[in-house]
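Visitor: Just dropping this structure here.
The values are calculated or read from the model by the stated rules, or taken from the named source; none is laboratory data. It should be emphasised that the depicted structure is a prediction, and the values quoted were computed from it without experimental measurement. Note that each Cβ is placed from the backbone with ideal geometry, even for glycine, and that neighbours are counted across all protein chains shown.
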Amino acid sequence: MDEDIPEDAAIVLFDGVCNLCNGFVQYIFPRDPEGKYRFASLQSDVGQALLAEHDLATEELDSIVLIEGGESYVKSSAIIRIATGLGGRYRLLSPFRYVPEAVRDRVYDFVADNRYRWFGKKDRCMMPSGDVESRFIE
């Protein structure tokens, strides 16, 4: 892995062509001034390597994945953990971890299945710029 990535960094993997997923990354960035979270698209070489390293399907690109502390979290578990990690009012999502994962992921999958239709899709992965670029892993 990249030597410039702090060992305690949490890595958010996302669908780089999905407008909703890109919006989620853009939402996290200003709310994480300490730079806890780093980002990579699921389609990138780094994303594919991290998926394989954590025994996650490399061909499934419909999930937010969080790699943190040597563990991987997917779908609703990743969202809840990221929100909790942001602190403040975002911690209000924390109690949802007590909702059975199967129920949470059913809602997550419904949104994921419709995300391109509702929010659109890019022709290629987002190319970060400015301050955001420094937090992307290549």
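Visitor: Among the candidates SER63, SER77, SER72, which residue alone is crowded, with 17+ Cβ neighbours inside 10 Å, within 14 Å of PHE14 (Cβ to Cβ) and modelled with pLDDT of 85 or more?
Guide: When all the criteria are applied, what remains is SER72.
Visitor: Hey, another quick one. Quick check, is SER41 within 13 Å of the chain's Cα centre (by Cα) and either basic (Lys, Arg) or under 24 Å from ALA102 (Cα atoms) (or both)?
Guide: It is false that SER41 is within 13 Å of the chain's Cα centre (by Cα) and either basic (Lys, Arg) or under 24 Å from ALA102 (Cα atoms) (or both).
Visitor: Still on this model: Evaluate the range 102-124: report whether one residue or more is more than 16 Å from PHE39 (Cα to Cα), at pLDDT 85 or above and part of a loop (DSSP other than H, G, I, E, B).
Guide: Checked against the condition, which is being more than 16 Å from PHE39 (Cα to Cα), at pLDDT 85 or above and part of a loop (DSSP other than H, G, I, E, B), the range 102-124 yields no hits at all.
Visitor: Restricting attention to the range 98-116, which residues are out of contact with any Lys or Arg (no Cβ under 6 Å at 6 or more places or on another chain), touching a residue at least 12 places away in the same chain (Cβ under 8 Å) and within 19 Å of PHE24 (Cα to Cα)?
Guide: ARG104, VAL107, ASP109, VAL111, ALA112, ASP113, ARG115, TYR116
Visitor: Mind checking which strands (runs of 3 or more DSSP E) fall wholly inside the range 1-97 and carry at least 1 residues that are in contact (Cβ under 8 Å) with a residue 40 or more places away in the chain and under 24 Å from PHE119 (Cβ atoms)?
Guide: 10-14, 37-41, 65-68
Visitor: Also: Considering every residue within the range 28-43, establish whether at least one is farther than 22 Å from LEU86 by Cα and modelled with pLDDT under 90.
Guide: Scanning the range 28-43, I find at least one residue that is farther than 22 Å from LEU86 by Cα and modelled with pLDDT under 90, so the answer is yes.
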